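Just so it is clear, none of the values below were taken in a lab; they were calculated from the coordinates. Since the model is a prediction, treat every value here as computed from it, not as a measurement. Methodologically, a virtual Cβ is constructed for each residue, glycine included, from the backbone with ideal geometry; neighbour enumeration extends over all protein chains shown.
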Amino acid sequence: MYIKLYCSKTSSSMESPEKGKNGNSERLYLGMDFGTSGARYALIDKQAQILAEAKREYPLYLDGGSVNWARSWKETLFSLLGDVPVHLRPLIASISIDGTSATTMIVNSSTGEPLCRPLLYNESCPDALPAVRSIAPPNHTVCTGSSTLCKLVSWWHSDSQKKESAALLHQADWLLWLLHGKLGISDYNNALKVGFDPEIDSYPAWLLSQPYSSVLPSIIAPGSAIANVKEDVRKRLGFSEDCVVCAGTTDSIAAFLAARATEPGKAVTSLGSTLAIKLLSKSRVDDARFGVYSHRLDDMWLVGGASNTGGTVLRQLFTDEQLEKLSEQINPALPSSLDYYPLPAVGERFPVADPNMQPRLHPRPESDSDYLHGVLESIARIEAKGYGLLNGATEADEVYTAGGGAKNDKWTKIRERVLGLPVSRAVQTEAAYGAALLALKGAR
């Protein structure tokens, strides 16, 4: 567990929810990011300044030989809420949560309890692809095995006993439900990969005509107020009666929001456990052949995709200490001749949509620093290929970096050379900060 308080902000006026000079208490806004390996929160004020933040790794509970992710996420949610300083909790006006895109939960429509294990963001259900492709437009976002719709269809055809009592939620939706208690609500970012069309602001007719459309959630805009925090949660944790829970978003969109990139042509690469790119564009681009899709962001579009390469595969090969020391030995101006495709396991989503793609991490040179150089450069090539596939979108002119990989200056210089674009670390690199901005938006 890691907790950080910004003491310069937690002055005597912030030590209790007493009224300030204008007769109103200072209100705060809480964002929570549930990533692939852990979760964190960021607490901000009305000026979007961070007052406190903390992070936790997921506790792993085994259930029949596999990880009980729902239990891990639920425990982490309430542990993180408990990490928020007690004297600041009554000042929180709103809460929002982001989660991993296409992490799918099928729950009981009355109790909210999971009917099956969560289907994670990078899991593929190729068995459902023929059925999905038979109803969806060609090259639609849902026409990949890892889409939420493929996961839903796969479950629907395999678990006929529970259909009438089922509801579909995404990871962020379910965690938010634990706080507000109203089942069946999602946002149009999380719902994109189940087939929701943000351009017409509804599910398309080809999806609504299917029998499993009965389990689809109602959709609202990210950051929209849903309901106040449930009374039992509020009393247990000390939140105010008017603290509202707002619709969330996906982790990569929250990271984009955190970077404060507001002009078309600005892009954000999230280098966390996986690699995700988002380009702010005036036009929408979707092509499931390559895993390219567009999210709505107010009156513009976030065009991009998410690869399975990234920090997870790096940590399979090196410790954090090795990554730091070996990176210092790399000359980022010199291209590496090593050609890899670093994946933590079989399967890729973008810029190659292939659930059977094999990792390529050999041959390994004698020098560990040369090997790391080759892996980092290969990930940069995957990133560059991804941006090169966004044909029809506003052309990228600058890339901000979010996530843990943003801290590696040598990697940033490698990426700048490979991309041929200016690359810099975003001022705020954590998705939790972007989720907090959504909470601020929802409270206004």
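General observations
- Label point at Ser66 placed 7 Å out along Cα→Cβ; residues across region 28-57 whose backbone nitrogen lies under 20 Å: 35-38
- Spin-label model, Asn391 to Ser424: label points 7 Å out along the Cα-to-beta-carbon direction sit 3.2 nm apart.
- Net charge, Tyr61 excluded, C-beta distance under 14 Å - Lys, Arg +1, Asp, Glu -1: 0
- Evaluating 6.51 cos²θ - 1.76 cosθ + 1.60 at θ = phi - 60° for every residue in region 113-120, the Karplus couplings come out as 6, x, 8, 8, 5, x, 9, 6 Hz, glycine and proline recorded as x.
- At R0 = 60 Å, FRET efficiency that the Cβ-Cβ distance of Gln329 and Glu164 yields, to 0.05: 0.50
- Gain on full stretching of the segment that runs from Ala345 to Glu366 - 0.36 nm per residue minus C-alpha separation: 5.2 nm
- The chain shape via C-alpha gyration tensor axes, a/c threshold 1.5: oblate
- Neighbour counts of C-beta atoms inside 10 Å place Trp301, Trp155 in the sequence Trp155, Trp301, starting with the fewest.
- Karplus-derived HN-Hα couplings along region 200-208 (A = 6.51, B = -1.76, C = 1.60, θ = phi - 60°), whole Hz, x at Gly and Pro: 9, 6, 6, 6, x, 4, 5, 8, 5
- Per-residue Cβ neighbour rank within 10 angstrom, fewest leading, Val67, Val292, Val303: Val67, Val292, Val303
- Mean Cβ neighbour count within 10 Å, used as a protection proxy, ranking 368-378, 319-329 highest first: 368-378, 319-329
- Per-residue Karplus couplings for region 136-153, computed as 6.51 cos²θ - 1.76 cosθ + 1.60 with θ equal to phi - 60°, are listed in order as 8, x, x, 6, 5, 4, 6, 7, 10, x, 8, 5, 4, 5, 4, 5, 5, 4 Hz, Gly and Pro entered as x.
- Order of Arg425, Arg89, Arg415 - criterion: other Cβ atoms within 10 Å of each residue's Cβ, fewest first: Arg425, Arg89, Arg415
- Amide H partners (placed H, <5 Å) of Ser146, local residues excluded: Cys125
- Only aspartates and glutamates eight or more places from Lys151 in sequence, or on another chain, were considered; those with a Cα closer than 17 Å are Glu123, Asp127, Asp159, Asp173, Glu348, Asp354.
- Shape class of region 324-406 from the Cα gyration tensor (axes a ≥ b ≥ c, square roots of the eigenvalues): oblate, since a/c reaches 1.5 or more and a/b does not exceed b/c.
- Burial order of peptide ranges 432-439, 395-402 (average beta-carbon count within 10 Å, highest first): 432-439, 395-402
- Under 18 Å from Lys163, Cα to Cα: aspartates and glutamates that are on another chain or at least 8 residues apart: Glu113
- With each label modelled as a point 7 angstrom along the Cα→C-beta vector, the Lys74-Glu398 pair spans 4.5 nm.
- Extension gain for Thr262-Ser283 works out to 6.1 nm (0.36 nm per residue, less the C-alpha to C-alpha distance).
- Shape call, region 145-253: gyration tensor on alpha carbons, a/c limit 1.5: prolate
- Approximating the spin labels as points 7 Å out from Cα along Cα→Cβ, the Glu321-to-Asp201 distance works out to 5.6 nm.
- Once the Cα-Cα distance is subtracted from the 0.36 nm per residue extended length, the Lys407 to Ser213 segment shows a gain of 65.5 nm.
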